[in-house]
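Novice: Dropping the structure in here first, questions after.
Every number here is computed from the coordinates shown, using simple stated rules; none is lab data. Predicted model, so just to flag it, every value in this text is computed and none were measured. Cβ coordinates were reconstructed from backbone atoms using ideal geometry, including for glycine residues, and neighbour counts include every protein chain displayed.
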Amino acid sequence: MAITHKYTIMCDDLRQENNGKLLVIGMYTGGMTVPQFPFQLPILTFFSVLEADRLGNHTLRVKIENAETGRVIAQQIVMMDVNTMPTNPVPLAVAPKFVGLTFEAGGAYTMSMTIDGQVDPVVVFPFNVVLVIPAVTQPH
């Protein structure tokens, strides 16, 4: 085994309350709609829950790319420390945030997360960016 993916939520932001609960702000379901291109998002977050069955420091490489052209539009490195190991795999939360992300065109995109030392990506999260022009209402 290794580190495996349980689920991912795409949202604007993620915050933690004083009691430890997480607030998911602006969760996207079924993709993202934008009013124009290019379109810049202040923050885009991918809250991913992973499961680890080994101790250690792990380097995660996260990137967002246009699935049709292969063009990488953002990338970052996230460090993850697994320092306690009960008898069952440990659930881990990772939430890479992309600030000032610009989408130049609509279409299919993916967020992928690879872990140094593992061959296949641990997360491949597909999503669509769609242009939706707001309707203009006519006066009566």
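Novice: Does residue 34 qualify as being more than 14 Å from the chain's Cα centre (by Cα), surrounded by fewer than 12 Cβ atoms within 10 Å (Cβ to Cβ) and of a type in the set (A, V, I, L, M)?
Specialist: Here the answer is no, as residue 34 does not meet what is asked.
Novice: Turning to a different aspect of this structure: Would segment 51-65 turn up any residue that is touching a Lys or Arg at 6+ places or on another chain (Cβ under 8 Å), farther than 24 Å from residue 128 by Cβ and either surrounded by 16 or more Cβ atoms within 10 Å (Cβ to Cβ) or of a type in the set (Phe, Trp, Tyr) (or both)?
Specialist: yes
Novice: Let me ask another. Can you name the strands (runs of 3 or more DSSP E) wholly within segment 30-140 that have at least 1 residues being free of Cβ contacts under 8 Å to residues at least 40 places away in the same chain and in contact with a strand residue (DSSP E or B) (Cβ under 8 Å, 6 or more places away or on another chain)?
Specialist: Answer list for segment 30-140: 56-66, 72-82, 90-94, 123-131.
Novice: For the structure I just gave you, tell me whether residue 132 is within 15 Å of the chain's Cα centre (by Cα) and either surrounded by fewer than 17 Cβ atoms within 10 Å (Cβ to Cβ) or of a type outside the set (D, E, K, R) (or both).
Specialist: no
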